[in-house]
Amino acid sequence: MPKRHPGAGRGRGRPRPKGRAVEPAALAEVRNVLGDRPRRRDLLIEHLHLLQDRYQGLSPAHLAALAAEMRLSMAEVYETATFYAHFDVLEEGEQPAETTLRVCDGLSCELAGALELDSALRAAADAGVRVVRAPCMGRCDQAPIVEVGHRHVNRASTDAVLATVRAGKRSPRVPAYRGLSDYLDDGGYRALNACLGGARPFESIVAALDDSGLKGLGGAGFPTGRKWRIVRGHPGPRLLAVNADEGEPGTFKDRHYLVTDPHRFLEGVLIAAWAVEAETSYIYLRDEYPDVRELLLTEIAMVEARGLTPHTRLELRRGAGAYICGEESAMIESLEGKRGLPRHRPPYVAENGLFGRPTLVQNVETLFWVRDILERGPAWFANYGGSAGRGLRSYSVSGRVRDPGVKVAAAGITVRELIDEHCGGMADGHTFKGYLPGGASGGILPAGMADLALDFGVLEAHDCFVGSHAVVVLSDQDDMRAVALNLMRFFEDESCGQCTPCRVGTEKAVKLMEREHWDEPLLEELAEAMADASICGLGQAAANPLNSVLRRFREDVKLNHG
């Protein structure tokens, strides 16, 4: 006698599949939003963005319909949507907010009064307006920052933000920038055409990069020419992935170049793609830069129409609010439509990267300098700097200085020189006390160490590093305990959760650092475990600010000696 299905009989009717049933209306809405776009797995995050942009949130019905439409399990869609901070996954029956205000609580914004601004906005916001805190938005020189929908309010005040809300201004405001016509008039894409036409062979290109001393300027400092050779040496097909997800608190140099001279960057992208024979070039842009996305969509279309991309296909991809995706393998996971979890290595992405193919990963600023090095010669770039390093560096300077911003200077400049010669000195009423030489993860140094060269390989002897060259200047009015706590809270929020030392360690560290008296032995033990056992650089470097305060700013903390 055949077995009956457990759901059959007793008036239950035909058995139903497990999971949420797809609602026809929701499926129709999803199909309408996606249109004729491909339903590939790697486009999942792009499709989630499209749905959220249309409906201001992601409902359970839409997630189930999207899973069915893309032939994915509900678990795959849900875990991806809930991983990224910019996706608002709604509960059953929950209605999305009419407007979301994201108040940056990065260190530079906190120094500029972001916490007080957050409280004021929560008290004054109209019904239907949601106020949430958000990590660094890459506008530290214009702090504090509030994002209204997709429009940013720089040097924000309560009145300015509420006026933006009531005026219905929620779309990004694209700044004036140097377009294709002006760039071509100045010899733009001449270097690319020399490569495409055979006038500049591959070896001459990488030799110029080697001689210039150009390194990866996203934080790692790996020699660029050597990396191109490594990727080119692996059998194709090959890919290029541009890391435009500068999420390190205090960093905004890439944004500066993208909104002022985007074609110099795009020419660098296209030359790199030609050099490693990349079939497709992916630009992974952080979602906090919606204005940059608008201008890049416009300019990429113009470049393609001009016939400058016969060798590669350009794809602009949108991040979704995850600092961890600045790590190259996490970014690649995100480009594949997944959670941004760092991969175990080896293999390295140069051999086994995006979709399992050899992948060249480069930072925005690195590619920005390629055209100038090829046209002016490697000596032009290499002659900047001294014994500490060669080349030009773009320092993102914020905090207690009179004139913050991106400062282009020779490698190895000191923070004292940056403050005095490039930033107009300290802000009025502030006395120099300390600085972050490399963003949130680079540690904190006192003013007495202001004459160290800010470049790769110099600060490591002092348990710090320059990273992406994000310099946050602190003054006598800043409490270093509060600074370290702000940074540790950032790491706690941004931990991907994959490994226990980072996931639990950052949470535990925050709780211990919130106490009036710090348990120094326990904090040091926790910091050591995180540094030694975390999978990627986030957990390994998360305790750097904590260690810096314990070693160099002990007067700012109360220690538990009992």
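The values are calculated or read from the model by the stated rules, or taken from the named source; none is laboratory data. Computed from a predicted structure; not experimentally measured. Virtual Cβ from ideal backbone geometry, glycine too; neighbours counted across all protein chains shown. The area values use the complete protein model at the heavy-atom level, side chains included, leaving out ligands, DNA and RNA. Shrake-Rupley method; radii C 1.70, N 1.55, O 1.52, S 1.80 Å.
Worth pointing out:
- Test: residue in the stretch 432-449 that is out of contact with any Leu (no Cβ under 7 Å at 6 or more places or on another chain), farther than 28 Å from GLY216 by Cα, of a type in the set (A, V, I, L, M, F, W, C) and open to solvent by 40 Å² or more (accessible area, probe 1.4 Å): yes
- In the stretch 45-75, the residues that are in contact with a Leu (Cβ under 8 Å, 6 or more places away or on another chain), open to solvent by 40 Å² or more (accessible area, probe 1.4 Å) and free of Cβ contacts under 8 Å to residues at least 24 places away in the same chain: LEU50
- Verdict on ALA160 being more than 24 Å from SER394 (Cα to Cα) and either of a type outside the set (D, E, K, R) or surrounded by 15 or more Cβ atoms within 10 Å (Cβ to Cβ) (or both): yes
- Pick from the stretch 467-481, criterion polar (S, T, N, Q) and either part of a strand (DSSP E or B) or more than 16 Å from GLU248 (Cα to Cα) (or both), ranking: most open to solvent (accessible area, probe 1.4 Å): GLN477
- Cβ-Cβ distances below 8 Å connect the following pairs, each with a first residue in the stretch 433-447 that is in a helix (DSSP H, G or I), a second residue that is open to solvent by less than 10 Å² (accessible area, probe 1.4 Å) and of a type outside the set (S, T, N, Q), and a separation of six or more residues or different chains: ALA447/GLY434; ALA447/TYR435.
- Filtered by the rule that a residue be open to solvent by less than 30 Å² (accessible area, probe 1.4 Å) and assigned to a helix (DSSP H, G or I), the stretch 76-97 gives VAL77, THR80, ALA81.
- Residue pairs whose Cβ atoms lie under 9 Å apart, separated by 6 or more positions or on different chains, with the first residue in the stretch 329-343 and free of Cβ contacts under 8 Å to residues at least 60 places away in the same chain and among the basic types (Lys, Arg) and the second part of a helix (DSSP H, G or I) and open to solvent by less than 10 Å² (accessible area, probe 1.4 Å), are ARG343/SER329; ARG343/ALA330; ARG343/ILE332.
- Of the numbered criteria (1) over 26 Å from ILE444 (Cβ atoms); (2) part of a helix (DSSP H, G or I); (3) under 23 Å from the mean Cα position of the chain (by Cα), the one THR100 fails is (2).
- Which listed residue, of ALA484, ALA529, is surrounded by 22 or more Cβ atoms within 10 Å (Cβ to Cβ) and of a type in the set (A, V, I, L, M): ALA484
- Matching entry among LEU209, LEU192, LEU184 (being open to solvent by 30 Å² or more (accessible area, probe 1.4 Å) and not small (Gly, Ala, Ser)): LEU184
- Restricting GLU246, GLU203 to those that are acidic (Asp, Glu), at pLDDT below 95 and either out of contact with any strand residue (DSSP E or B) (no Cβ under 6 Å at 6 or more places or on another chain) or open to solvent by 60 Å² or more (accessible area, probe 1.4 Å) (or both) reduces the list to GLU246.
- Residue in the stretch 495-505 that is surrounded by 20 or more Cβ atoms within 10 Å (Cβ to Cβ) and among the aliphatic types (A, V, I, L, M) present: no
- Residues that are farther than 22 Å from GLY321 by Cα and surrounded by 15 or more Cβ atoms within 10 Å (Cβ to Cβ), drawn from the stretch 122-156: ALA125
- Helices (runs of 4 or more DSSP H) fully within the stretch 139-222 counting 2 or more residues that are more than 16 Å from GLY268 (Cα to Cα) and more than 21 Å from the chain's Cα centre (by Cα): 158-166, 180-185, 202-212
- Residues satisfying the criterion are absent from the stretch 503-513 (criterion: touching a residue at least 40 places away in the same chain (Cβ under 8 Å) and part of a helix (DSSP H, G or I)).
- Residue satisfying all of: in the stretch 532-559; outside any helix (DSSP H, G or I) and of a type outside the set (A, V, I, L, M, F, W, C); surrounded by the fewest Cβ atoms within 10 Å (Cβ to Cβ) among these: LYS558
- Look at the stretch 214-228: where a residue is more than 18 Å from TYR257 (Cβ to Cβ) and open to solvent by less than 40 Å² (accessible area, probe 1.4 Å) and a partner is of a type in the set (Asp, Glu) and at pLDDT 95 or above, sitting 6+ places away or on another chain with Cβ atoms under 6 Å, you get GLY225/ASP210.
- Among (1) more than 30 Å from SER441 (Cβ to Cβ); (2) at pLDDT 95 or above; (3) of a type outside the set (Asp, Glu), the one test that ILE145 misses: (1)
- When VAL33 is tested against (1) modelled with pLDDT of 95 or more; (2) not in a helix (DSSP H, G or I), only condition (2) is not met.
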